[in-house]
Amino acid sequence: MDLIDRYVHEVGQHLPWNVRADVEAELRSLLTESVEERARAAGRPADAGLATEVLRAFGVPKDAASRYAPDPQYLIGPRLYPVYRTVLRIMVPAFAAVTLTLIIVGQFQRPGEPPSIAPFIRAANGFFSGLLFNLGLVTLIFALVERVMRRQPVAAGTWDPSTLPAVNDPDRISYFGRVVLLYLIAAVALLFNVYPQWVSVVVFHNTDVQVYALLGPGFGRYLPVLNAWWAAAFLLNLVVLRQGRWRRPTRWAEFALEVANAVILAVIVVGPPAFAYDVIVKVVLQVFAVISVIKAGMQLFRLLRRRPAGEPWHTGSPASPGR
Amino acid sequence: MVMGETQLSLKENLSLELRRGVLVLAVLTQLHDEAYGYSLKKRLAENGLDIDEGTLYPLLRRLEGQGLLDSAWRVEESRPRRYYRISAAGKRLEKDLAAEWTSLARVLHGLLG
């Protein structure tokens with residue numbers, strides 16, 4: 001039964017590893033039995049012709065495997081794919097624009113010299129490696145969001161129409177915006193942890209362009225707390241995406257994160273030197289800290305004044321739905 | 001001609017959908033005594049319900065995954081076979097589905113005149 005073995009193996013190739021061996025064993029047993037039964041009924045030996053009939057009836061291996069697969073076998077599903085495509089459509093031209101700028105800057109750096117292809121090659125190399133890295137990161141985030149957003153179906157009868165959000169709902173989220181935010185958080189965290197030398201300032205001096213690393217040796221002490229903040233922000237955005245909207249607990253978490261952000265910035269500002277150009281960087285961080293405090297204040301004001309949409313209407317007064 | 005083929009394909013698809021709807025109930029009714037995939041297929045065929053193997057075998061695994069069937073491997077006639085039997089949850093669901101089917105069949109008989 002070489003044909004059955006080949007068929008079973010082929011089906012197994014399209015199955016998740018954790019069920020593969022079990023399905024293969026059962027399928028081999030059933031198909032062999034089916035062929036032998038047909039052979040008995042036809043009064044002829046179980047040959048390749050009968051096996052072909054049985055396998056043809058069972059279907060193309062990939063289709064047969066898809067009937068066994070417990071979950072949809074895709075990385076990014078139809079709900080997120082349009083957003084994914086939009087992000088790529090923005091990302092690729094943006095990278096191309098940056099590359100072009102680098103080529104132009106590269107040419108201006110060499111006044112009086114004939115145009116050279118070297119900056120073009122350097123920029124193209126940077127373009128492709130940067131693009132591949134970011135494509136990978138974006139795809140990874142979308143795949144994660146896809147799995148997080150796989151919600152349990154709501155049982156009929158338990159759904160309450162009064163929980164429907166208002167048409168102009170300030171707590172409705174943009175999937176595009178949330179995913180871009182997740183990407184930015186992941187990209188910044190990777191940058192500071194894996195490629196800290198890329199966190200730099202570009203200084204134009206006459207016709208010369210110099211790149212200086214921005215992070216000093218003292219910056220490392222803040223990395224654990226920053227990592228914790230990025231992880232919390234990433235998690236919050238995943239939760240909001242899963243819920244499909246802002247709710248009161250997630251709004252409070254957003255407020256707490258904003259306060260934490262202001263505190264971390266303040267600690268860095270008053271702390272020992274952590275950057276090259278420490279004074280200038282800390283002035284910028286002070287501005288960010290002030291912005292963060294203002295944002296936290298506005299979030300707190302909204303939380304205390306307004307009931308977020310999505311809370312059941314019947315918990316409030318029918319005369320004043322809370323907004 | 002094209003229209004005829006389309007109609008035929010539509011009829012096949014709708015028939016398939018109709019049969020698919022009752023497949024779970026049919027399988028549950030036949031697994032009070034344990035059976036392995038091929039013997040269950042024969043059992044159903046003898047009762048007038050011929051199910052494609054490519055549909056039945058994955059369905060058995062799905063129902064087992066949903067806790068409606070129990071299964072165990074056994075070696076018989078020098079061949080390893082996976083035997084299925086309806087579980088307690090499966091019996092409860094079978095009862096509900098049977099009531100639903102009886103009610104639906106009565107209504108449809110009425111509608112069909």
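For B:His32 and A:Asp47, the FRET efficiency from 1/(1 + (r/R0)^6), where r spans their Cβ atoms and R0 equals 60 Å, is about 0.95. Normalised by the number of residues in the stretch A:2-68, the average gap of Cα pairs under 8 Å and 6 or more apart makes the relative contact order 45 percent.
One chain, two ends: A:Ala69 and A:Val279. Fully extended at 0.36 nm per residue, the span grows by 69.7 nm beyond their Cα-Cα distance. Against the compact-protein benchmark of 2.2 N^0.38 Å, the Cα-based radius of gyration of the stretch A:1-71 scales to 1.12. Projected label points at A:Gln243 and A:Val269, each 7 Å from Cα along the beta carbon direction, are separated by 3.0 nanometres. For B:Tyr36, the residues whose amide H sits under 5 Å from its own are B:Tyr84, ignoring neighbours fewer than 5 places away on the same chain, with H placed 1.01 Å from N.
Across peptide B:51-63, the average count of Cβ atoms from other chains found within 10 Å of a residue's Cβ is 4. Once the Cα atoms are used to define both axes, helix B:88-112 deviates from the longest principal axis of chain B by about 20 degrees.
Amide hydrogen proximity for A:Leu215: with H placed 1.01 Å from N in the peptide plane, the residues at 5 or more positions away or on another chain lying under 5 Å are A:Ala276. Farthest toward the positive end of the dipole of the stretch A:2-68, out of A:Val54, A:Val19, A:His9, is the Cα of A:Val54, where the dipole comes from beta carbon charges about the Cα centre. Each residue of the stretch A:15-27 was assigned a 3J(HN,Hα) from its phi angle through the Karplus curve 6.51 cos²θ - 1.76 cosθ + 1.60 (θ = phi - 60°); the sequence is 9, x, 4, 6, 10, 4, 4, 5, 5, 4, 4, 5, 5 Hz, with glycine and proline shown as x. Eigenvalues of the alpha-carbon gyration tensor of chain B, scaled by 5 and square-rooted, set the equivalent ellipsoid semi-axes at 29, 20, 11 angstrom, largest first. With the highest mean first, a sort of the peptides A:77-85, B:12-20 on other beta-carbon atoms found within 10 angstrom per residue produces A:77-85, B:12-20.
Each value in this text was obtained by applying a stated rule to the coordinates, not by laboratory testing. Predicted model only: the values in this text are computed from it and were never measured. Every residue, glycine among them, receives a Cβ derived from its backbone with ideal geometry; neighbour counts consider all protein chains shown.
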